[in-house]
Amino acid sequence: MGQILAFERWDTKGITVEDPGLQRYISLEPRLVPKTGARYHGNRFHKSKVFIIERLINKLLVPGHKGKSHVRSSGNITGKAHTAYNLVYDALVVIEQKTKKNPIAVFVKALENAAPREEIITIEYGGARYPKAVECAPQRRIDVVLRLMIQGAFQKSINSKLTMVNALADEIINAYGLNQQSNAISKKLDVERQADSSR
């Protein structure tokens, strides 16, 4: 039996997660078609067993909340898994063309670079509210960085000549290079700056 490649194109065997806190939460087991059909839904921590590219595809379907409302509810957000699948595949092809590297390795490194280590919570004490820095749980670090990447890509592609494919590819490449043009990197630095001042 031959070796399984992600999307029948990219090898994941040589890719390693350098951040020890994230190693158990980024699955690099390749899939020909990354779609488990919500097999792990509702099982705590089981989503960490899902191929990391599939988690990116799932985030594209529902980009998450900003404030108290969904950040986007139209355009590419149609609920069609095949639309999100094609979008991610095309973005990986663009990344490969621009960086001349394995796009899945680039994406994994971008996740490590942009995953926030700290967050701000609000504590109410004696009628006054104070911000307090707390460490971010490893699984939540992945959830947050995926959401920020998708929201940043959508923000740049809405009412713009930039397509969603290129916006997503640029977001991942910028995060890979620690460039603050990446929404995920800039948000991470903002939150960690606030966390430093609220200790």
Positions within the stretch 49-104 being within 18 Å of Gly152 (Cα to Cα), hydrophobic (A, V, I, L, M, F, W, C) and not in a helix (DSSP H, G or I), in sequence order: Val62, Val71, Ile77
Can you find, within the stretch 187-197, the residue that is farthest from Val88 (Cα to Cα) among those that are surrounded by fewer than 14 Cβ atoms within 10 Å (Cβ to Cβ) and more than 18 Å from the chain's Cα centre (by Cα)? Ser197
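With the requirement that a residue be in a loop (DSSP other than H, G, I, E, B) and surrounded by 15 or more Cβ atoms within 10 Å (Cβ to Cβ), what does the stretch 10-26 give you?
Looking only at the stretch 10-26, we keep the residues that are in a loop (DSSP other than H, G, I, E, B), and these are 11-22, 26.
Listed by number, the residues that qualify are Thr12, Ile15, Val17, Asp19, Gly21, Leu22, Ile26.
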Expected output for the stretch 27-49 (first residue under 18 Å from Lys109 (Cα atoms) and surrounded by fewer than 17 Cβ atoms within 10 Å (Cβ to Cβ), partner modelled with pLDDT of 80 or more and basic (Lys, Arg), Cβ below 9 Å, 6+ apart or cross-chain) is Glu29/Lys49
Of all the residues that make up the stretch 156-186, how many are assigned to a helix (DSSP H, G or I), touching a residue at least 60 places away in the same chain (Cβ under 8 Å) and surrounded by fewer than 20 Cβ atoms within 10 Å (Cβ to Cβ)? 1
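Pick from Ala105, Ala91, Ala128, Ala133: which is of a type outside the set (Lys, Arg) and either in contact with a Pro (Cβ under 6 Å, 6 or more places away or on another chain) or crowded, with 22+ Cβ neighbours inside 10 Å (or both)?
On the way: Ala105 fails: either in contact with a Pro (Cβ under 6 Å, 6 or more places away or on another chain) or crowded, with 22+ Cβ neighbours inside 10 Å (or both); Ala128 fails: either in contact with a Pro (Cβ under 6 Å, 6 or more places away or on another chain) or crowded, with 22+ Cβ neighbours inside 10 Å (or both); Ala133 fails: either in contact with a Pro (Cβ under 6 Å, 6 or more places away or on another chain) or crowded, with 22+ Cβ neighbours inside 10 Å (or both).
None of the others qualify; the one that does is Ala91.
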Which pairs do you get when a residue that is in contact (Cβ under 8 Å) with a residue 24 or more places away in the chain, found in the stretch 7-24, comes within reach of a residue that is part of a helix (DSSP H, G or I) and among the charged types (D, E, K, R), reach meaning Cβ atoms under 6 angstrom, with the pair 6+ apart or on two chains? Asp19/Glu112
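The values are calculated or read from the model by the stated rules, or taken from the named source; none is laboratory data. Keep in mind the model is a prediction, meaning the values are calculated, not measured. Cβ sites come from the backbone with ideal geometry, for glycine too, and all protein chains shown count toward neighbours.
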